[in-house]
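The values are calculated or read from the model by the stated rules, or taken from the named source; none is laboratory data. All values derive from a computational prediction rather than experimental measurement. Neighbour counts run over all protein chains shown; Cβ positions are idealised from the backbone, glycine included.
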Ligand code: GLU
């Protein structure tokens, strides 16, 4: 592990990054660079990959003025590392096979003492015979963590001490693909990432991830869960909102500089570019409410001098 810490941005290449994703990336970069950390990019391509999306995401991140250190890491190239972590947990008696379908999990009541929405533990106590019967029935098995905690605490730069549920989370899905919660923990540690800046929609998953890191003997990073960008109706920014990607904005006649200026100004009113944002970056002064973005307004504002 490197002595200098690192921050990262870890997009899923399922499509183009929208302005909300770009703003989170800008924040992750500014948090890392302003604290002397390296900044790494990791492509989370275990799932939902759209051909060509990765390259367009990298191009857009570079276009808004972000730079990163070292080669881009792809999760699809790191499968043995996830399996090694699964083997360690299994050797410690901390995993079990789960044959439940999604529907069965939804229908089952939440575990009596577990957090809301937690896996009810149906397969946790299967007898060897029952497990063998399910195995031979050909039902695909996911692998779950045999969690010994139901809650775990993390410290977040914005949210302070955050306590949240831990359950028997999936480590390897029924189709054999390592689960996001496992991969993210293994990769953050392997890449020496000690600062995780990402959208606050991921805050509820964070206690699970920190708990898993602890079980694997890995350091828990510092977290900063930043507010999402919302549309005028208060919903998470999405394609339906119109010109939400850099390519869309360009097609409407806005330059990248104008878009970056709007993103930077939403974080620091005096900043008009990524480098200006970084030059005066002070996490303590950032607005922590969601940025409500009227995409058509952004278009008009940046068109009118
Ligand atoms: N790949 C996830 C996403 O695109 C982000 C995961 C993370 O930052 O931990 O939403």
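Residue selection: residue 174 satisfies the criterion of being surrounded by fewer than 20 Cβ atoms within 10 Å (Cβ to Cβ), over 26 Å from residue 17 (Cβ atoms) and in contact (Cβ under 8 Å) with a residue 12 or more places away in the chain. Scanning the range 44-64 for residues that are in a loop (DSSP other than H, G, I, E, B), away from the ligand (no atom under 12 Å from the Cβ) and crowded, with 19+ Cβ neighbours inside 10 Å returns a single hit, 64. Scanning the range 65-81 for residues that are closer than 23 Å to residue 174 by Cβ and more than 15 Å from the ligand (Cβ to nearest atom), we see that the one that is surrounded by the most Cβ atoms within 10 Å (Cβ to Cβ) is 81. Given the criteria at negative phi, touching a residue at least 24 places away in the same chain (Cβ under 8 Å) and in a loop (DSSP other than H, G, I, E, B), does residue 220 qualify? Here the answer is yes, as residue 220 does meet what is asked.
Out of all the residues in the range 11-25, is one or more within 15 Å of the ligand (Cβ to nearest atom), touching a helix residue (DSSP H, G or I) at 6+ places or on another chain (Cβ under 6 Å) and assigned to a strand (DSSP E or B)? Within the range 11-25, not a single residue is within 15 Å of the ligand (Cβ to nearest atom), touching a helix residue (DSSP H, G or I) at 6+ places or on another chain (Cβ under 6 Å) and assigned to a strand (DSSP E or B). Taken over the range 211-233, residues that are touching a strand residue (DSSP E or B) at 6+ places or on another chain (Cβ under 9 Å), at pLDDT 95 or above and away from the ligand (no atom under 12 Å from the Cβ) amount to 7.
Of note, residue 28 satisfies the criterion of being outside any loop (DSSP other than H, G, I, E, B) and within 14 Å of the ligand (Cβ to nearest atom).
In the range 244-266, the count of residues that are part of a loop (DSSP other than H, G, I, E, B) and closer than 13 Å to residue 26 by Cα is one or more. Each residue in the range 273-288 was checked for being assigned to a loop (DSSP other than H, G, I, E, B) and surrounded by 16 or more Cβ atoms within 10 Å (Cβ to Cβ), and 3 of them qualify. Condition (residue is within 15 Å of the ligand (Cβ to nearest atom), buried (at least 23 other Cβ atoms within 10 Å of the Cβ) and in a helix (DSSP H, G or I)) applied to the range 198-205: is it met by at least one residue? Among the residues of the range 198-205, not one is within 15 Å of the ligand (Cβ to nearest atom), buried (at least 23 other Cβ atoms within 10 Å of the Cβ) and in a helix (DSSP H, G or I), which makes the answer no.
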